[in-house]
């Protein structure tokens, strides 16, 4: 783990960085959109691209480190493990590794991405509610931290630990059952959540305690209350319940059996403006007030933030292919819709996105705002990025940019209508007043779509013949 006194990158986060940094972030975004058009990353033949602000990602990582360094005792072991599911892209993981972060993985694919990015085992955490014996064996052989989800999984780990020596820290994921936030699907500490051992169920708490007392190699507890829609107070309550359980185990063991607490991630993101709120510094202070013993140096700490690190630093930019009108309302038909913004299209109330308007040269559009719809390219009526949104009028050849899409958007493609995955490009200042781009992921080709859709097996079904039976 990284010491709580690691480098801060020159960032001092007093809780106001979300307010002071958003102007610079917006300016960098505007410059990047213009440069992407000028440099040919966007145009009539490349009508959609995703942009990642490398400077902003570095700043968020530094703010995370600084926030927890400010509240933990000197020398406290702290590992900030990025939730790979938020942005499962090898170059992003490599960048975050350079910024002192590790990786939290929840599948063999995510583990492979973390290893491809050079994340070492001792900075990797495996969480998943459905780990196979093979996944557990690999993790334990590599020395990756494992959070056991349930009693049946612990039985599997028992068998593996009995037959081999592992350097892996092993813990139990618990569900403190403290309740839900405003988005049920992202609340993981409800009474019936599928994750972890439900502490308030009959006999469950005693089972966790006894399991740890009987196994000296069980040295961690892990809990995650939820993410978007979960208030800081509820997150802190879940952490406090987990801390109290660790204290009980250690008291009954007569020694410090539990030495590390993994508090998960889940810091919500503000999708209504460029301001970052809440900040990591605010959350760290809430934890210091609610669970002071967690931060006094007796426990190592693991965090698993994802969306809050990347969301503000991603932008999906799409060309307006047609501008039309329906029922007296202007409609801009673009190349970004359900394939990149699935949650927004299917649940717009929970996942609204801000839209920025740019002209055909990639410059911010001005002029009077007009209430209009911004539609995607998919062949169903609900494919809308925004409905009844007041923006400068989008016209054919302009660009509509979906903001705050750096996490869970362009990285999680929905292959409706066999629409291609867009290219993803990181950007940063080029040192000469311009913008430099680096390819993170190539745009998907039609050939690749065919191959992914069974193109090599075109005759597989027709080759099957019904064989008469007696």
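What the table shows:
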| item | result |
| --- | --- |
| Matching residues in the range 364-385 - criterion: being surrounded by 15 or more Cβ atoms within 10 Å (Cβ to Cβ) and not in a loop (DSSP other than H, G, I, E, B) | 364, 372, 373, 374, 375, 384, 385 |
| Check on residue 388, more than 23 Å from the chain's Cα centre (by Cα), part of a strand (DSSP E or B), at positive phi and without any contact (Cβ under 8 Å) to a residue 60 or more places away in the chain | yes |
| Residue within the range 282-290 that is assigned to a helix (DSSP H, G or I), surrounded by fewer than 18 Cβ atoms within 10 Å (Cβ to Cβ) and more than 25 Å from the chain's Cα centre (by Cα) present | yes |
| Residue in the range 446-454 that is more than 20 Å from residue 45 (Cα to Cα), at pLDDT 95 or above, touching a helix residue (DSSP H, G or I) at 6+ places or on another chain (Cβ under 8 Å) and not in a strand (DSSP E or B) present | yes |
| Matching option when the condition is without any contact (Cβ under 8 Å) to a residue 24 or more places away in the chain, touching a strand residue (DSSP E or B) at 6+ places or on another chain (Cβ under 6 Å) and outside the structural domain of residue 343 (by TED's automatic domain parsing), among 103, 81 | 103 |
| Only one of 88, 74, 120 that is in contact (Cβ under 8 Å) with a residue 40 or more places away in the chain and out of contact with any helix residue (DSSP H, G or I) (no Cβ under 6 Å at 6 or more places or on another chain) | 74 |
| Scope the range 290-325; condition free of Cβ contacts under 8 Å to residues at least 24 places away in the same chain and more than 22 Å from residue 47 (Cα to Cα); matching residues | 292 |
| Residues satisfying the stated conditions in the range 403-423, i.e. in contact with a helix residue (DSSP H, G or I) (Cβ under 8 Å, 6 or more places away or on another chain), modelled with pLDDT of 95 or more and within 22 Å of residue 438 (Cβ to Cβ) | 403, 404, 405, 406, 407, 420 |
| Scan of the range 53-96 for residues that are within 14 Å of the chain's Cα centre (by Cα), assigned to a helix (DSSP H, G or I) and farther than 21 Å from residue 438 by Cα, ordered by number | 85 |
| Residue 370 vs. criteria closer than 23 Å to residue 52 by Cα and touching a residue at least 40 places away in the same chain (Cβ under 8 Å) | no |
| Residues being at negative phi and within 24 Å of the chain's Cα centre (by Cα) - total across the range 393-429 | 25 |
| Verdict on residue 285 being in the same structural domain as residue 243 (by TED's automatic domain parsing), out of contact with any helix residue (DSSP H, G or I) (no Cβ under 8 Å at 6 or more places or on another chain) and in contact (Cβ under 8 Å) with a residue 60 or more places away in the chain | yes |
| Breaking point among (1) farther than 18 Å from residue 46 by Cα; (2) surrounded by fewer than 17 Cβ atoms within 10 Å (Cβ to Cβ); (3) in contact with a helix residue (DSSP H, G or I) (Cβ under 9 Å, 6 or more places away or on another chain), for residue 432 | (3) |
| Residues being touching a residue at least 40 places away in the same chain (Cβ under 8 Å), surrounded by fewer than 20 Cβ atoms within 10 Å (Cβ to Cβ) and over 12 Å from residue 426 (Cβ atoms) - total across the range 36-65 | 6 |
| Top-ranked residue of the range 308-352 - restricted to ones that are in a helix (DSSP H, G or I) and touching a strand residue (DSSP E or B) at 6+ places or on another chain (Cβ under 9 Å), ranked as farthest from residue 273 (Cα to Cα) | 345 |
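Conditions tested, residue by residue: (1) touching a strand residue (DSSP E or B) at 6+ places or on another chain (Cβ under 6 Å); (2) within 30 Å of residue 350 (Cα to Cα); (3) not assigned by TED's automatic domain parsing to the domain that holds residue 325.
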position: 388; (1), (2), (3): yes, yes, no
position: 401; (1), (2), (3): yes, yes, no
position: 406; (1), (2), (3): yes, yes, no
position: 415; (1), (2), (3): no, yes, no
position: 431; (1), (2), (3): no, no, no
position: 440; (1), (2), (3): yes, yes, no
position: 454; (1), (2), (3): no, no, yes
position: 458; (1), (2), (3): no, no, yes
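Condition check ((1) part of a helix (DSSP H, G or I); (2) at pLDDT below 95; (3) in the same structural domain as residue 404 (by TED's automatic domain parsing)) across all residues:
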{"residue": "6", "(1), (2), (3)": "no, yes, no"}
{"residue": "10", "(1), (2), (3)": "no, yes, no"}
{"residue": "13", "(1), (2), (3)": "no, yes, no"}
{"residue": "23", "(1), (2), (3)": "yes, yes, no"}
{"residue": "35", "(1), (2), (3)": "yes, no, no"}
{"residue": "51", "(1), (2), (3)": "no, no, no"}
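The values are calculated or read from the model by the stated rules, or taken from the named source; none is laboratory data. Just so it is clear, the model here is predicted, and its values are computed rather than measured. Cβ coordinates were reconstructed from backbone atoms using ideal geometry, including for glycine residues, and neighbour counts include every protein chain displayed.
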